[in-house]
Amino acid sequence: MTRQLLTAAQLSPAVDTYLAATPPERRWDAEHSFAWAAADADRLTDGQRSAVQFVTVIEDHLPGYFDVYHRHFPVDDTVDPEVFAHNRELYHFTVRWASEEDTHARALTRYQTAAGLGDPGPAILPRFELPYEHPVQFFAYALVQEKATQIYYQQLRAVVDDPVLRDVLTRLSRDEARHFTFMADVVTRYLQHHGDAVVEPIRDVVAGFRMPLAGTMRGYWRWALKIADTARYDHTDAYDSLIKVLDRAVSTRSDRLDGDCFKIGVFGPTRRAGFRRDGHCE
Ligand SMILES: [Fe+2]
Ligand SMILES: [Fe+2]
C-alpha cells in the first residue's frame, strides 16, 4: 500500500485550528463544571436512563480506540523520518482528543452516580480494531462517528428534563462538534492533496461503517434500537456530513480552505454552529 499520508506541514493547520478552538476559559472538567448535587435521575424516563447508560459505555471504551491510533501512527523509531514527523504532529491532536473523551466518560459516570442511576459497574475492555489500510480511512471513520455522537447528544439533550444532564450533554455535543470539525478538515486536506486516490478508501469506510463496539458488545443493537426511540437517533444521519465534506472538497479542490470557517456540515439538527476564522465556535 502506498501510504499517501499528508505531510506534517499539510496536517499542522488542522491541528493548530483544533487546539486554538478551546481557549483556557472555556475548558471544563467533570470535577468542577457541574452542579452534581442537583442531578436527579427521577426526572428521566426509563428510555432516557438507558440512553445515558449506553453512551457511558461507549465513551468508556475509548482507551482501546486511541490505542488503535497509536498502533497505526506510532511515534517511535519504527517509522521513517517523514512519517514520524506526521505522526508527531498528529499526536498533538490525539492527546488532547483522548483527554476530552476521557472527560466525557468521567462526566457521564459521575452523572450516573450523582443522579441516583446506580453504580455504572466495572469498566469493560473489549477488543477494538479498525480494519483499515489507508490513513485517510481512520479520519473518515472518526468523522462519521464524531458527528453521530454530536447528533445523539443534541437530540437527547432536547428531550431530557434534568438541567444537570442537559448541561453535561451541551458540553459533550460541543466537544464532539469540534472533534468532527478536525476530522472534516483532515479528510478535506487528503482530498485536496491526494484527490481521487482517496475517494475509494473513503467509500469503503461508509460501506462498512459500524459504531464503536457494535461488533464486540453483547446486546449492542438491542440496546441501540431501544435508545433510538428515546432520542430519535439514527447514526446514518451523520453520513450527510461526510457527503458535504466530499462535495465541498471536490468543488473547491484548488482553493485554499484555510480560514474558510470550516462550516462544512457542522450544522446540528436544531442549532447552527460554526467555527470562525480564529477557530472559535460561533
Ligand atoms: Fe465523546
Ligand atoms: Fe469525540
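With a sphere of radius 12 Å drawn around the Cβ of Phe139, what net charge do the other residues whose Cβ falls strictly inside it have (Lys, Arg +1; Asp, Glu -1)? Write down the numbers at each step before the final one.
Details: positive: Arg189; negative: Glu146, Asp185.
Around Phe139, the surrounding residues sum to -1.
Which FRET efficiency value, to the nearest 0.05, is calculated for Arg106 and Glu133 with the Förster distance at 22 angstrom and r the Cβ-Cβ distance?
That pair, Arg106 with Glu133, gives E of 0.05.
How much length would be gained if the chain were fully extended between Asp196 and Asp77, taking 0.36 nm per residue of separation minus their Cα-Cα distance, in nm to one decimal? Show your work: numbers first, answer last.
Working: separation 119, 0.36 × 119 = 42.84 nm, distance 3.11 nm.
Residue separation times 0.36 nm, minus the Cα-Cα distance, leaves 39.7 nm.
Just add up the charged neighbours of Arg43: K/R +1, D/E -1, any other residue whose Cβ is under 9 Å from the Cβ of Arg43.
-4
Would you please calculate the Kirkwood hydrodynamic radius of the stretch 116-210 over all C-alpha pairs and express it in Å, rounded to one decimal?
Taking every pair of different Cα atoms in the stretch 116-210, averaging 1/r and inverting gives 15.3 Å.
If a paramagnetic tag sat 7 Å from the Cα of Thr113 along the Cα-Cβ line, which residues of the stretch 146-176 would have the backbone N under 20 Å from that point?
164-169, 172
Summing +1 for each Lys or Arg and -1 for each Asp or Glu, what net charge is found among the other residues whose Cβ lies under 13 Å from the Cβ of Leu117?
-2
Provide the FRET efficiency to the nearest 0.05 for the Asp67-Trp36 pair, computing r from the beta carbons and using R0 = 25 Å.
Working: r = 30 Å, r/R0 = 1.21.
E between Asp67 and Trp36, to the nearest 0.05, is 0.25.
Rule-based calculations on the coordinates, nothing more; no lab input. This structure is a prediction, so every number in the text was calculated from the model and none was measured. Please note: Cβ atoms are built from the backbone with ideal geometry, for glycine as well, and neighbour counts cover all protein chains shown.
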